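Everything below concerns the one structure shown next.
No lab work stands behind these numbers, since they all come straight from the coordinates. Note that the structure is predicted; figures quoted are calculated from it, not measured. Cβ sites come from the backbone with ideal geometry, for glycine too, and all protein chains shown count toward neighbours.
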Amino acid sequence: MGEPSIAFTGQCELNLSPNKIQIQRDDTTFDAYVVGKDDAPGIVVIQEWWGVDFEIKNHAMKISKLEPGFKALIPDLYRGKVGLDTAEAQHLMDGLDWPGAIKDIRASVNWLKANGSKKVGVTGMCMGGALAVASSVLVPEVDAVVGFYGTPSSELADPAKAKAPIQAHFGELDNFAGFSDVTAAKNLEEKLKASGVANEVHIYPGNGHAFLNRSPEGVSRRKSMGLSDEDEAAVELAWSRFNSWMKHYLA
């Protein structure tokens, strides 16, 4: 997938693949990838533990094409590194500066708001799902959140203090204990009730971790991890719920 580099102008029409840009944060800059119409509502799309790879770009492309149209932006939290197997991905996630990642997300939200998006949501999958939920607590500029199969550690953020509406999605068969299994999903649901923000938590029967990943490469990788469920109806339902949530809060 091509990633032509563009100047930091914010002039980004609907493209066939995400454009690479640079965003300023504190006294540093980081790469990000953006796709969609300039004046559309913005959505920050946060990577899985793999990094900014084909699958998270697929998700950003899909989000940009949902009705009525969104401007999707992926911040590169790993600064160009991508995990090619689970051990490498685990190593990269273990080494992540989580508070720094929150700063990247905030800078991404503010970049979108400065470049044509009146409202901005945050979404993410796996590690990105945990960060998306945390952004509702820690990034006051966020207008809505949808997290997929991930919950933040108590050290990073307490979802009971969420400030933006949150929708969350989990697979019933997910076995990442304490992070994205059913127990983690139920704990998140209780904390969101305590927060007082609008919230929904959906658990998909018969589905495991990362069930949204439906590209041929993503399916192959899931199977190599022992995740063989293929439930297109659940995937479509999850995207439909995502779209309704973001459209409601960002329109």
Order of Val45, Val142 from fewest to most other C-beta atoms within 10 Å? Val142, Val45
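Treat every Asp and Glu Cβ in the chain as -1 and every Lys and Arg Cβ as +1, leave all other atoms uncharged, and give the resulting dipole magnitude about the Cα centre to the nearest 20 debye.
Numbers: 25 positive and 33 negative charges, 142 e Å.
Its charge dipole is roughly 680 debye.
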Given points 7 Å out from each Cα along the Cα-Cβ axis, report the His202 to Ser244 separation in nanometres with one decimal. 0.7 nm
Would you mind telling me the antiparallel percentage of the DSSP bridges in the chain, rounded to 5? 35 percent
Report, in debye and to the nearest 20, how large the dipole of segment 97-157 comes out about its Cα centre when Lys and Arg carry +1 and Asp and Glu carry -1 on their Cβ. 260 debye
Equivalent ellipsoid semi-axes - Cα gyration tensor, segment 38-141, angstrom: 23, 16, 10
If Leu84, Leu138 are placed from fewest to most neighbouring beta carbons inside 10 Å, the sequence is Leu84, Leu138
What's the local net charge at Ala194, with K and R +1, D and E -1, over the other residues with C-beta under 12 Å away? 0
If you put +1 on each Lys and Arg Cβ and -1 on each Asp and Glu Cβ, how big is the dipole of segment 9-142 around its Cα centre, in Debye rounded to 20? 480 debye
Cβ-derived FRET efficiency at R0 22 Å, Gln22 paired with Asp97, nearest 0.05: 0.75
Taking the chain as a Gaussian network, Cα atoms linked when under 10 Å apart, which of Ser135, Ser117, Ser180 shows the biggest mean-square fluctuation? Ser117
Considering the Cα trace of the chain, what is its radius of gyration and what is Dmax, both in angstroms? 16.4, 46
Quick check on the chain: helices-only [θ] at 222 nm, where DSSP H runs of length 4 and up contribute -39,500 (n - 2.57) each and the sum goes over total residues. Nearest 500, please. -11500 deg cm²/dmol
I'd like to know how segment 20-84 sits against the 2.2 N^0.38 Å rule of thumb: what's its Cα Rg over that expected value? 1.12
By its C-alpha gyration tensor, with a ≥ b ≥ c as the square roots of the eigenvalues, how is segment 147-251 shaped: rounded for a/c under 1.5, else prolate for a/b larger than b/c, else oblate? oblate
Past 19 Å, Cα to Cα: identify those pairs from Lys119/Lys161; Lys37/Lys118; Lys119/Lys163, in the order given. Lys119/Lys161
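How long is the gain from Thr29 to Asp158 if the chain were fully straight, where each residue apart is worth 0.36 nm and the alpha carbon distance is subtracted?
Contour length minus Cα-Cα distance gives 43.6 nm.
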Counting other beta carbons within 10 Å of each residue's own, what order do His59, His202 fall into, fewest first? His202, His59
Percent relative contact order for segment 116-251, counting Cα pairs under 8 Å at least six residues apart, stands at 22 percent
Pull out the extension gain between Leu237 and Met225, defined as 0.36 nm times the separation in residues minus the alpha carbon to alpha carbon distance; nm, one decimal. 1.9 nm
